[in-house]
Amino acid sequence: MVEALNAAGLPNGVYNVVTGLGTTVGAELVRNPDVAKISFTGSVAVGETIMRDGATTMKRVTLELGGKSPTIVLDDAALDKAIPSALILAFLNSGQACAAGTRLLVPKSRLDEVKRAIQEGMRAYTVGDPADPNIMVGPMVSQKQYQRVESYIRKGIEEGAEVLVGGEGRPKGLEAGYYVKPTVFVNVKNDMTIAQEEIFGPVLSVIAYDSEDEAIRIANDSKYGLHSAVMGGDLDRARRVASQLRAGRVVINNMTDDPQAPWGGFKYSGVGREYGKYGIEAFLEPKAILE
């Protein structure tokens, strides 16, 4: 990318790359008084460190951190459309995405229908080499991440959640890589570990609710607030629900994106916004000259 920018004639000094570990190079950028602004995407733990260390020089920061995003399926949703969309949200980038919709909130009255729709939809989520266009789920980024995801699957089982699809261990025929079985839990309570902590892998928790108000309460019962989704037949109702969710971005009925719309989170999901005019303004300081 840097070579392309250079070939395009970008003036020297506009874009620079400094390679190295975050604990060394990154830490120096955060502490250095000559750096006025830090924009970081990553874990909550590192974000907390950046905010704390950057405060010593009153450094401005934009932080895009973790998520435990809810997808609310309303009782009037068409499941043949809602569930495939919900699965895409849950398993995008093999679940290794801060915006992944890893909590699926569904009405108790339609739980059996939802289970059947998930089991059918998960047939498409084949695991293997991500270079193969027929593969939907690739490996975890490292052995450490593989072990982390497996530990959460075990924790879900220990805490009483029911495995609907997937489970522990590598998929059949993929014993050599850091591959995880795409896993869907049902009978999940929102206070369970798998419903509260960011797993960063292909693990989906299905949580049943009794009423629209309860669905909103469960969705907001998280320390995160990055992304959410609402699936429903009545668009006005879906918008009303979306307006009550404490998340930086809410999509309705599908996974959409708009580079002009702000991107960022509430609560532990971060500080500030990226994209569009909001992202540009984050790098500016207002200055008033009065006479």
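Bear in mind that the values in this text are calculations on the coordinates, not laboratory data. Keep in mind that what you see is a predicted model, and the values were worked out from it rather than measured. For neighbour counting, all protein chains shown are included, and Cβ atoms are generated from backbone atoms with ideal geometry for every residue, glycine included.
What the table below lists for this structure:
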{"read-out": "Summed side-chain charge close to Thr102 - residues other than Thr102 whose Cβ falls under 12 Å, Lys, Arg +1, Asp, Glu -1", "value": "0"}
{"read-out": "Per-pair calculated FRET efficiency, R0 = 30 Å: Val141 and Val25 via Cβ, rounded to 0.05", "value": "0.90"}
{"read-out": "The stretch 4-98: chymotrypsin sites (Phe, Trp or Tyr not before Pro) falling in loop per DSSP and having at most 16 other Cβ within 10 Å", "value": "Tyr15"}
{"read-out": "Positive-end residue of Ala36, Ile199, Val241, charge dipole of the chain with Cβ unit charges", "value": "Ala36"}
{"read-out": "Among Arg240, Arg148, Arg110: highest mean-square fluctuation, GNM of the chain, C-alpha pairs under 10 Å", "value": "Arg240"}
{"read-out": "Taking the chain and dividing mean pair separation by its residue count, relative contact order in percent (alpha carbons under 8 Å, at least six apart)", "value": "20"}
{"read-out": "Backbone N within the stretch 167-207 under 20 Å of label point (7 Å from Gln244 Cα along the Cβ vector)", "value": "190-191, 207"}
{"read-out": "DSSP bridge pairs, the chain: antiparallel proportion in percent, nearest 5", "value": "25"}
{"read-out": "Simple Cβ-charge dipole of the stretch 208-291, Lys/Arg +1 and Asp/Glu -1, about Cα centre, in debye nearest 20", "value": "160"}
{"read-out": "MRE, 222 nm, helices only [DSSP H, n ≥ 4, -39500 (n - 2.57), over the chain, to nearest 500]", "value": "-8500 deg cm²/dmol"}
{"read-out": "Beta bridges by DSSP in the stretch 164-291, antiparallel share as percent, to the nearest 5", "value": "35"}
{"read-out": "Sorted peptide list for 264-271, 154-161, 135-142, 69-76, criterion being average Cβ within 10 angstrom, highest first", "value": "69-76, 264-271, 135-142, 154-161"}
{"read-out": "Range of Cα positions in the chain per principal axis (Å), largest first", "value": "66, 53, 37"}
{"read-out": "Within a Gaussian network of the chain (alpha carbon springs, distance under 10 Å), most fluctuating of Thr49, Thr183, Thr19", "value": "Thr19"}
{"read-out": "Ranked packing of 100-108, 112-120, most packed first, by mean Cβ within 10 Å", "value": "100-108, 112-120"}
